[in-house]
Amino acid sequence: MKRSIRKSHFRAVGVIAATIFVCNAAFAGGKDNPFLTMGKLDQFEVRDTEGDDPQVLEGEFWAGYDLNKLWLKAEAERVDDESEELELQVLYSRAISAFWNVQVGGRKDFKPEPDRDWGVIALKGLAPYYFEVDASLFLGGAGRTGLRLEAEYELLFTQRLILSPEIEVNAYGHNDRDTGVGSGLADIEAGLRLRYEIRREFAPYLGVNWSKKYGNTADFAAAHGEDIEDTQFVLGIRAWY
């Protein structure tokens, strides 16, 4: 019963976001406001670590007009040809200023199991000094809540050689032993990637990625024999169209 309620909640959020998007699009079809699309592969990489070398994918796609867009975001991690993490978000995005957008929709965690459904309220944009910021509030079943803050900066050595430091922080309101998530600060992940844009749309990169679990999340990981802290060298590509 609870599982069906969670699925219905996720579907309802998706339908509402899609309806708002379509309705707004109907009023924004003028030639001075064209319909646009963009796909971006932020990370497609192999991480060198002790033991298995995970493959990581992070990407997004959006379609819409100047003020109103439909976003898809995906994150996945595979180890030994098995998915350990798989997350998908479907969001309606509305511009509230020249540099900021409010996003609402749903998030589905397919992995780790059991799967989890969340409603999403997010603020995404460009902060002073050109920091790209994405702050998301997640609302799930059984009173579950989560908060994610992501920030990225680009330092141009040349027009093609670019260094990108980035950080992601996750926190949760309740313990979820089944998925290994603890209340409070759960984990921090920070990376430093140096890419060379062979073309603007295609850039190989190398770098280093550091992650650490905290609090109850670290305790759950230790109980299952998982690493609490890890530093990985990465090699990948970044692309967009």
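The values are calculated or read from the model by the stated rules, or taken from the named source; none is laboratory data. This one's a predicted model, so the numbers in the text were calculated from it and none came from an experiment. Backbone-built Cβ (ideal geometry, glycine too); neighbour counts: all protein chains shown.
Right, Leu41: over 27 Å from Asp178 (Cβ atoms), exposed (fewer than 14 other Cβ atoms within 10 Å of the Cβ) and touching a Lys or Arg at 6+ places or on another chain (Cβ under 9 Å) or not?
So Leu41 fails the test.
Does Lys111 qualify as being of a type outside the set (Phe, Trp, Tyr) and buried (at least 18 other Cβ atoms within 10 Å of the Cβ)?
Considered against the rule, which asks whether it is of a type outside the set (Phe, Trp, Tyr) and buried (at least 18 other Cβ atoms within 10 Å of the Cβ), Lys111 comes out as no.
Got at least one residue in segment 141-158 being out of contact with any helix residue (DSSP H, G or I) (no Cβ under 6 Å at 6 or more places or on another chain), at pLDDT below 95 and farther than 26 Å from Arg199 by Cβ?
As a first pass, look at segment 141-158 and keep what is out of contact with any helix residue (DSSP H, G or I) (no Cβ under 6 Å at 6 or more places or on another chain): 142-158.
Right, trim to at pLDDT below 95 and you get 142-143.
With farther than 26 Å from Arg199 by Cβ added as a condition, the list becomes 142-143.
The answer is yes, given that some residue of segment 141-158 is out of contact with any helix residue (DSSP H, G or I) (no Cβ under 6 Å at 6 or more places or on another chain), at pLDDT below 95 and farther than 26 Å from Arg199 by Cβ.
Return the residues of segment 203-218 that are of a type outside the set (Lys, Arg), buried (at least 17 other Cβ atoms within 10 Å of the Cβ) and outside any helix (DSSP H, G or I); say none if nothing qualifies.
Ala203, Tyr205, Gly207, Asn209, Ser211, Tyr214
If a residue must be touching a Leu at 6+ places or on another chain (Cβ under 6 Å) and surrounded by fewer than 18 Cβ atoms within 10 Å (Cβ to Cβ), how many such residues does segment 162-202 contain?
So the first thing to find is which residues in segment 162-202 are touching a Leu at 6+ places or on another chain (Cβ under 6 Å), and the list is 162-163, 165, 169, 171, 194, 196.
If we keep only those that are surrounded by fewer than 18 Cβ atoms within 10 Å (Cβ to Cβ) too, we end up with 163, 165, 169, 194, 196.
Of the residues in segment 162-202, 5 are touching a Leu at 6+ places or on another chain (Cβ under 6 Å) and surrounded by fewer than 18 Cβ atoms within 10 Å (Cβ to Cβ).
Output the residue which, of all residues in segment 219-241 that are among the small types (Gly, Ala, Ser) and not in a strand (DSSP E or B), is surrounded by the most Cβ atoms within 10 Å (Cβ to Cβ).
Ala221
How many residues, within segment 73-108, are crowded, with 16+ Cβ neighbours inside 10 Å, within 28 Å of Pro54 (Cα to Cα) and of a type in the set (S, T, N, Q)?
Going through segment 73-108 one residue at a time, the tally reaches 1.
Do we have Gly146 as buried (at least 17 other Cβ atoms within 10 Å of the Cβ), under 24 Å from Asn68 (Cβ atoms) and more than 12 Å from the chain's Cα centre (by Cα) here?
no
Check segment 153-161 and report whether any residue there is surrounded by 17 or more Cβ atoms within 10 Å (Cβ to Cβ), more than 26 Å from Gln232 (Cα to Cα) and either of a type in the set (Asp, Glu) or out of contact with any Asp or Glu (no Cβ under 7 Å at 6 or more places or on another chain) (or both).
Looking through segment 153-161, none of the residues is surrounded by 17 or more Cβ atoms within 10 Å (Cβ to Cβ), more than 26 Å from Gln232 (Cα to Cα) and either of a type in the set (Asp, Glu) or out of contact with any Asp or Glu (no Cβ under 7 Å at 6 or more places or on another chain) (or both).
Assuming Tyr130 fulfils every condition listed in (1) surrounded by fewer than 16 Cβ atoms within 10 Å (Cβ to Cβ); (2) within 29 Å of Glu201 (Cα to Cα); (3) among the aromatic types (Phe, Trp, Tyr); (4) touching a Leu at 6+ places or on another chain (Cβ under 6 Å) apart from one, which condition is it?
Result: Tyr130 fails condition (4) only.
Kindly list the number of the only condition in (1) farther than 24 Å from His224 by Cα; (2) under 18 Å from the mean Cα position of the chain (by Cα) that fails for Ile198.
(2)
Taking strands (runs of 3 or more DSSP E) that fall entirely within segment 97-200, which contain at least 3 residues that are charged (D, E, K, R)? Walk me through how you get there before you give the answer.
Details: elements: 100-111, 116-127, 131-140, 145-152, 161-172, 184-196.
Qualifying strands (runs of 3 or more DSSP E): 100-111, 116-127, 145-152, 184-196.
Which of the residues that make up segment 66-88 are in contact with a Leu (Cβ under 9 Å, 6 or more places away or on another chain), at pLDDT 95 or above, within 26 Å of Pro128 (Cβ to Cβ) and not aromatic (Phe, Trp, Tyr)?
Lys69, Lys73
Yes/no matrix, rows are residues, columns are (1) of a type in the set (Ser, Thr, Tyr); (2) without any contact (Cβ under 8 Å) to a residue 24 or more places away in the chain; (3) touching a strand residue (DSSP E or B) at 6+ places or on another chain (Cβ under 7 Å); (4) not in a strand (DSSP E or B):
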residue: Thr37; (1), (2), (3), (4): yes, no, yes, no
residue: Lys40; (1), (2), (3), (4): no, no, yes, no
residue: Val46; (1), (2), (3), (4): no, no, yes, no
residue: Asp52; (1), (2), (3), (4): no, no, yes, yes
residue: Leu57; (1), (2), (3), (4): no, yes, yes, no
residue: Lys73; (1), (2), (3), (4): no, yes, yes, no
residue: Arg78; (1), (2), (3), (4): no, no, yes, no
residue: Glu85; (1), (2), (3), (4): no, no, yes, no
residue: Arg94; (1), (2), (3), (4): no, no, yes, no
